[in-house]
Amino acid sequence: MTHHPYTPSLTIRTQALFQQTPAHGELIIPGPGMATGQETLSASQAAEIAEQKAREDLIRHLGLPTGADALMDEFATALTEKTGLLYGFVNIFFGRQTFIGLHNPPSDSGHITLGRTMDREHGLCPAVVRRRRALPLPDVYASPRFSGNHVVDAIGVRAYFGAPLIHGESGVVLGTVCGVDPEARPHSDARRILGIVKATGADVLHALTTGAPVH
């Protein structure tokens with residue numbers, strides 16, 4: 001697969017939320033401080049919307065999978081085997097969080113079987129995307145910022161290790177590679193697990209952006 005240089009569009013448009021341009025009938029994102037119906041868009045909101053648009057443009061440009069992918073499933077499974085975590089994900093932020101790579105525990109294990117998509121604001125991966133660096137949580141309950149998360153409570157996540165997938169040429173964060181488990185992990189093992197997650201992320205990014213097999 002050959003990819004041409006990617007240049008983010010200077011005019012950011014989106015399909016939801018905002019005003020119509022009368023001359024062209026196109027939906028555009030207003031700048032910070034501009035009113036959007038009953039809301040005023042803050043600088044952080046404008047930046048986040050622009051970033052998501054750039055992300056979706058890049059995903060299309062690279063021709064990345066936007067649904068289940070067999071190779072990405074293999075990466076997710078390998079991550080769980082190496083880390084001992086119960087669930088593994090290759091997560092692309094395309095509209096919704098989309099697990100193009102997913103490893104669930106066996107159906108007869110008594111653990112929840114997860115689907116392929118989730119709201120873009122749910123779970124712990126959005127924090128990894130925003131901070132643009134890895135997030136090791138060997139015991140989620142020990143971190144008040146994350147312990148009250150809706151998905152943490154619904155699924156029973158006790159350990160989370162995630163790393164961002166950052167496109168080198170554009171700096172756009174495409175998503176994450178992560179693993180979760182209903183059991184906390186000892187802090188003494190956190191560095192090893194996070195190292196595996198980061199290495200898996202590097203291999204995933206190489207495979208996604210070059211189309212070349214990873215050895």
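When each of 141, 87 is tested for being open to solvent by 20 Å² or more (accessible area, probe 1.4 Å) and more than 26 Å from residue 168 (Cα to Cα), the lone residue that passes is 141. Scan the range 51-64 and give yes if some residue there is touching an Asp or Glu at 6+ places or on another chain (Cβ under 8 Å), open to solvent by 10 Å² or more (accessible area, probe 1.4 Å) and at pLDDT below 95, otherwise no. Checked against the condition, which is being touching an Asp or Glu at 6+ places or on another chain (Cβ under 8 Å), open to solvent by 10 Å² or more (accessible area, probe 1.4 Å) and at pLDDT below 95, the range 51-64 yields no hits at all.
Go through the residues of the range 146-154 one by one and say whether even a single one is in contact (Cβ under 8 Å) with a residue 24 or more places away in the chain, farther than 18 Å from residue 193 by Cβ, under 16 Å from the mean Cα position of the chain (by Cα) and buried (at least 22 other Cβ atoms within 10 Å of the Cβ). No, there is no match, as no residue in the range 146-154 is in contact (Cβ under 8 Å) with a residue 24 or more places away in the chain, farther than 18 Å from residue 193 by Cβ, under 16 Å from the mean Cα position of the chain (by Cα) and buried (at least 22 other Cβ atoms within 10 Å of the Cβ). Annotation: of all residues in the range 69-109 being assigned to a strand (DSSP E or B) and small (Gly, Ala, Ser), the one that is nearest to residue 180 (Cα to Cα) is 88. Of all the listed residues (163, 159), the sole one being more than 25 Å from residue 44 (Cα to Cα) and open to solvent by less than 30 Å² (accessible area, probe 1.4 Å) is 159.
Residue by residue, here is whether (1) at pLDDT 95 or above; (2) in contact with a Cys (Cβ under 9 Å, 6 or more places away or on another chain); (3) over 28 Å from residue 51 (Cα atoms); (4) of a type in the set (Ser, Thr, Tyr) holds:
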| position | (1), (2), (3), (4) |
| --- | --- |
| 102 | yes, no, no, no |
| 116 | yes, no, no, no |
| 129 | yes, no, no, no |
| 137 | yes, no, no, no |
| 151 | no, no, no, no |
| 163 | yes, yes, no, no |
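The values are calculated or read from the model by the stated rules, or taken from the named source; none is laboratory data. Remember, it's a predicted structure, so these values are computed and weren't measured experimentally. Glycine also receives a Cβ, built like all others from the backbone with ideal geometry; neighbour counts cover every protein chain displayed. When the accessible area is computed, the model is the full protein with side chains, heavy atoms only, and any ligands, DNA or RNA have been set aside. Shrake-Rupley method; radii C 1.70, N 1.55, O 1.52, S 1.80 Å.
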